[in-house]
Each structure stands twice: as structure tokens, then as C-alpha cells.
Amino acid sequence: MKNHKGFSLIELLIVVVIIGIIAAIAIPNLLASRRAANEGSAISSLRTYHGAQATYASTYGNGNFAGVPFVTNAFTTLGAVNIIDPTLATGTKSGYVFAGHSVAGTSTTPPCHLAQAYPTTTTGVTQTGSRIFVIATPGVMHGGPVGSGGWGPGPCDISGTISPIE
């Protein structure tokens, strides 16, 4: 009789099933890690925005911050003067969309600014994040589930059920 070497069909099927089980365990963890990384990047980008607004106000804005409400996204303005990186200046980075504005100071009110980051996709396998983040002039980062808040009643107020995060 000949000496047959190799794997039987049953052995190959067992290996395929084991690989499938490992993939079923690992893929959700990988996707959760990607979402957490996107959220961390969004927080970091908003902190960069806050520092960039201070730089803009003292160098280009004559005491006022970048971005006119409903006219110019502050991220676009900050990118145009090379205070933030070109990717963040587009308003989309690491699965999050960024929008920011400011209100010029008057004789009775100081200037203020506010920015929000929200995920581009909030459901399914391609979900890029599950929380929104907001930062305003005082520099306190706020976060909460998608749909829990954002822009406030005033031009630089934070509203909703989002709370400060560290």
C-alpha cells in the first residue's frame, strides 16, 4: 500500500472551524479598539483646537477667536493660517466630523468659541464612534452619547446631558 501524506478533509474542517471561532471572538474586540482610538483622537483634536484658538486670538484675531457662526467653520480658518494640521482643517479626521465657531467680543461680553466632534458613522460594523465631544472657551472637555447634546442655547454654551470628562 502507498504511504499517503497530508490532512484529511475532517482535519481541515476542524482547523477552519477553530479559525472561525477565534475570528468571532477577536473581530468585535478589534472594532471596539478602533472606536476607542477614534474617540481618543477626537478628544485630542478638540484640545488642539482649543489651544489653536488661543493662538489665533493673540496673533491674528485681535482678541477674537476664529470662525464666524453659520458662516465659517473655525477649523477651516485655523487651517488657513497653518495653526492646525491640514487634515483637521478639513473638518473630518479619524472617523469624526468637527465643527466650530466663535462670537466676537463686545463692550459688554467677552469673545467665546465652541467646537463639537461627532462620529461619521454611529451604527453597524463600520461605526466610528458612539460619543460626541464638545469644548468651549473655558477648555473643559464634555462628552456624552450621540444625540445627548452639543450646541447650547447661547452661541458658546454647551447643552444637553453631556458631562465634563477628564
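What does the C-alpha gyration tensor say about the overall shape of the range 101-150? Classify as rounded when a/c is under 1.5, otherwise prolate if a/b is larger than b/c, or oblate. Judged from the Cα gyration tensor, the range 101-150 comes out prolate (a/c at least 1.5, a/b above b/c). Computed over the chain with a Gaussian network model linking Cα atoms closer than 10 Å, the most mobile of Ile83, Ile14, Ile132 is Ile14. Nearest 10 degrees is fine. How inclined is helix 9-59 to the longest principal axis of the chain, computing both from alpha carbons? In the chain, helix 9-59 runs at an angle near 10 degrees to the longest axis. Between the exposed loop cleavage positions of the chain, defined as trypsin sites (Lys or Arg not before Pro) in a non-H, G, I, E, B DSSP state with at most 10 neighbouring beta-carbon atoms within 10 angstrom, the longest gap is 6-166.
With an a/c value of 1.5 or above and a/b not larger than b/c for the gyration tensor axes a ≥ b ≥ c computed over the alpha-carbon atoms, the range 64-166 is described as oblate. Considering only Leu114, Ile83, Gly129, the residue lying farthest towards the positive end of the dipole of the range 19-166 is Gly129, judged by Cα position with unit charges set on Cβ.
Length available on full extension from Tyr60 to Ala37: 0.36 nm per residue minus the Cα-Cα distance, which gives 5.0 nm. Please find, in a Gaussian network model of the chain (springs between Cα atoms separated by less than 10 Å), the residue of Ala89, Ala80, Ala37 whose mean-square fluctuation is greatest. Per the Cα network of the chain with a 10 Å cutoff, Ala80 tops the list.
None of the figures in this text is laboratory data; all of them are computed from the coordinates on show. What you are looking at is a predicted structure, and each value in this text was computed from that prediction instead of being measured. Counting neighbours? That spans all protein chains shown, and the Cβs are built from the backbone with ideal geometry, glycine included.
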